[in-house]
Amino acid sequence: MKAGKPVRTYGQGRGPVIAWWGNPAARALIWQALLAIAVISLFVWAGRNVVTNLRASHITWGFGFLAEPASFDITGSLIPFRAGDSYGRALMAGFGNTLTASLTAIVIATALGFVVGVARLSNNALVARSASAYVEVLRNTPLLLQLLVWYNVVLKALPGPRQSIALPGGLLLNNRGLYGPWPVESPGWNAVGAGLLTALGLCIGLAAWSARRRREGKAALTLWAIAPAVLICLPLAAAWLTAGSLVGALPVTWPELRGFNVGGGVTLLPEFVALVLGLSLYTSAFIAEIVRSGVQAVPKGQREAGRALGLGEGPILRLIVIPQALRLIIPPLTGQYLNLTKNSSLAVAIGYPDLVSIGAGPVLQNTGQALEVISLIMLIYLGLSLLTALLMNWWNARMALAER
Amino acid sequence: MTTTPSTPVKQPPAHGALARPPRQAPGLIQGLRSLVATPLNALLTVLALAIAWFLLRPAIEFLFIDAVWSGHDRAACLAGEAGGEIGACWPYIARRLGYFIYGQYPEAQRWRPNAAMALCALNIGWALWPRAPFRGAALFSFVLPFPVIAWILLYGPGFSGLVAVPTNLWGGVLVTMVISIVGIVVSLPLGVLLALGRRSQMPVVRAASTVFIEVMRGVPLLAVLFMANRMLPLFLPPGVLPDPLVRVMVGVSLFAAAGMAEVIRGGLQALPKGQYEAAAALGLGYWQMMFTVILPQALTLVIPGIVNTFISLFKDTTLVTVVGIFDLLTTIDVSSRDPAWATPVTASTGYAFAAIFYFICCYAMSRYSAAMERRLAAAGSRS
């Protein structure tokens, strides 16, 4: 190296000066600026196209249509809806139906999934094999196909109202739906409702108190015995106090054949039955797998340690295995609940009036506000997902604190 | 570079004392004994048998015993003089098979979808067979040259000298396969980019990737399909209206990319930090580090997850029936309303056929995924 011909330039003794485009921080800024410009120009371009297209088709952008009266009826929805009610109420009714079907299916899917998941671990080879056949068949066929089979094949093949199949519990099943008993509005039932809410609050309080006692090293409450007793006795006591006696305080209408149709009681439409059946069976296969892997993930040593402490098989399951398995099961389980809720949009294929089938069906067709309707639908689902994600994060944080 | 093998060579078991005891396979007798080992077990056995009897017997009767195996028209599948139960109407499937596989693709041109599907099978086999040579090249050919060749074969654009077949004539298994393959071909690279973006140090890149992934994963595929079908035309300049099949493919691919990104992110997070540090110590830049060190390991790690994503993508393609695309399920639904085959069992036979088709495809893929998982677990436990 000759003097006077420096190979590198040094700036005021602060290290080598690199060309500014070689600096990682500067490069990062450039990349980000480019991405931001690309995304923004894409949105601007799309937005300008939307404006031109809407002007060409004489549609005015806005959510004003939500307040306008609709000209269609919705049957079988929890939130009653008749022609003349607003489009906004139609979407609300659809969302209510989405929630009703999803929650019902979630309860059934969880129960079925836990039973099948535990059955897959059975040491009875026949039970284990049957459970895995159940899982494989339901998991490896499309949900839409299952829904169509339930709706178009199984429910259509049921007899007409006059030959209704009587199920235990006063239920009637025919090709027009599932009929069940329903409480009649009365002071007794109102008292039961109030009693149930009070009992729920009481149970939550007891659980918190029990947890505090356990943290303080005192014996916890036998909640598994107390909670059901409170939940059953308090509402009944409330009804008895209001009506004077339990006999006749809780009137119920039973479904029965009247002429050519079934009257009385509550009716579940075949669309609802097919949707709930399809969703809950399909999801139960996934839940079964989650339960199985969760239970299998609890180390064998935990059970052995329980036995060494002299615990019986029941307490080992209840106190050692299930609490540890639940920690692994619950996060993916919420994922499945979300999937189920999103999958309930397949109701559109069998004509159950859920959020998507009402939104993308009559509302969109009658108003032509595709942009607004579809964005609303997506926002509602997104809100549900984010809410669940928040709850999950809270739960995970709680679980992480429990570890030492 | 040392010459010592990274994995210890397996020694043949020595004779005598150190030989491993024979593996105790649960024999038939043992298996049978477990069925009645305790009263509870015996009860469960009876219960399982009863459920199987109630579910399996009608299925077997429908598919085989009461099924009609030969005939030329609907008369064969209507309850005859005997008046017995009629099961699946297989002649209907046999007569309609061409429609179920190709839709309305012209019969003289059906060698083209056949060739494309054969190419696809060869390429996938090459990429998935663990001991095949040049698997990286297979992956590349699947992402770039293969889709172009398949498109030329199927569509027959002007320069190719083939008869053009517009996409509205495509249907059945062909469309199901086209949508699934396009979905995986687009979602794999896009998913890699999104996963890298979500783990990027740059806030703008990270935010953009996260928002895209969360939005796509937060909404149902059906909403995305409606968006692609009804909203995409609004976002494009007036007069530009992509083919309905293309619109649906855009929706499915973007949806699948978000799922893929989360699977790949899992692989990236599972890699030990030392891998990143070692690559940085070698002086590799970001893209060199990713393509030569990180991604090959991360992607291998999540092959089971990628296959599972593909299985759900494959099942989800049935949803395109709602926006009027002729996939397998739609062709079956349309055929079941054909008056020439109007029988009480036409719809259920079609559904049975679809169920068998989807089950075979998805079950085979899930077996592959499980086998890869075991392979990876074994490889992991060796190091």
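Straight-line cross-link partners of B:Lys315 among the aspartates and glutamates, defined as a Cα under 12 Å from its Cα and at least 8 positions apart when in the same chain: B:Asp327.
For peptide A:380-389, compute the average count of partner chain beta-carbon atoms within 10 Å of each residue's beta-carbon.
Working: counts 2, 6, 7, 1, 2, 5, 2, 0, 1, 3.
Rounded to a whole number, the mean comes out at 3.
What's the center-to-center distance, using Cα atoms, between the stretch A:138-176 and the stretch A:240-280 in Å? What the calculation gives is 18 Å, centre to centre. B:Arg206 versus A:Ile330, label points 7 Å from Cα toward the beta carbon: distance in nm? Going by the 7 Å Cα→Cβ label model, 2.8 nm. Test of understanding: extend the Cα→C-beta vector of A:Ala166 to 7 Å, then name every residue of the stretch A:256-288 with backbone N under 20 Å from that spot. Only A:256-268 fall inside the zone, counting backbone N under 20 Å.
By the Cβ-Cβ criterion of under 4.7 Å, the unpaired cysteines of the protein assembly as shown are A:Cys203, A:Cys233, B:Cys120, B:Cys361, B:Cys362. Could you calculate the FRET efficiency of A:Ile79 with A:Ala219 from 1/(1 + (r/R0)^6), where r is the beta carbon distance between them and R0 is 51 Å, rounded to 0.05? Once the sixth-power term is evaluated, E becomes 0.60. Only Cα sites of chain B enter the Debye sum here, all with the same form factor; the resulting log10 I(q)/I(0) across q = 0.11, 0.13, 0.15 1/Å is -1.02, -1.22, -1.37, listed in q order.
A:Val153 to B:Thr292: FRET efficiency via 1/(1 + (r/R0)^6), r the Cβ-Cβ distance, R0 41 Å, to the nearest 0.05?
With a Förster radius of 41 Å, E is 0.15.
Start at zero, step by 20 Å, and the Cα-Cα distances of chain A spread as 17, 43, 28, 9, 2, 0 percent across the bins.
Considering every residue in A:127-138, what mean count of other chain Cβ atoms within 10 Å of its Cβ is obtained? Write out the running numbers ahead of the final one.
On the way: counts 9, 2, 3, 9, 1, 0, 3, 2, 0, 5, 5, 1.
Taking the mean over all residues of the peptide, I get 3.
What's the angle, to the nearest 10 degrees (0 to 90), between helix A:87-120's Cα axis and the longest principal axis of chain A? In chain A, helix A:87-120 runs at an angle near 80 degrees to the longest axis. Relative to the longest principal axis of chain A, what angle (0 to 90°, nearest 10) does the C-alpha long axis of helix A:270-297 take? So the helix axis and the longest Cα principal axis differ by about 60 degrees.
Within the same chain, aspartates and glutamates fewer than 8 places from A:Lys218 are excluded, and of the rest, none has a Cα less than 17 Å from its Cα.
Counting 0.36 nm for each residue step from A:Asn366 to A:Leu379 and taking away their Cα separation leaves a gain of 2.6 nm.
Computed as a quarter of the hull surface, the mean projected area of the alpha carbon convex hull for the protein assembly as shown stands at 52.5 nm².
For the stretch B:342-363 and the stretch A:29-100, what is the centre-to-centre distance using only Cα atoms, to the nearest Å? Taking the Cα centre of the stretch A:29-100 as reference, the centre of the stretch B:342-363 is 37 Å away. Our compactness index for the stretch A:274-385, the C-alpha radius of gyration over the empirical 2.2 N^0.38 Å, is 1.60.
The mean of 1/r over all pairs of different alpha-carbon atoms in the stretch A:97-221, once inverted, gives a Kirkwood hydrodynamic radius of 19.6 Å.
On a 0 to 90° scale, report how tilted helix A:322-343 is relative to the longest principal axis of chain A, with both axes built from alpha carbons and the result rounded to the nearest 10. That works out to roughly 90 degrees.
With a Förster radius of 51 Å applied to the beta-carbon distance between A:Val51 and A:Thr388, the computed FRET efficiency rounds to 0.90. If you look at the Cα atoms of the stretch B:106-164, you get an Rg and a Dmax of 13.2, 40 Å. Extent of the stretch A:272-319 along its three principal axes (Cα atoms, max minus min coordinate, largest first): 50, 18, 10 Å.
Panel order for B:Leu44, B:Leu271, by other beta carbons found within 10 Å of each beta carbon, from fewest to most: B:Leu271, B:Leu44. Site pair A:Val115 and A:Leu241 shows an inter-label distance of 3.7 nm when each label is modelled 7 Å from Cα along Cα→Cβ.
The numbers here are math on the coordinates, done by the rules we state, and not lab data. Worth saying up front: this structure is predicted, and the values here are computed from it rather than measured. Glycine gets a Cβ as well: all are built from the backbone with ideal geometry, and neighbour counts include every protein chain shown.
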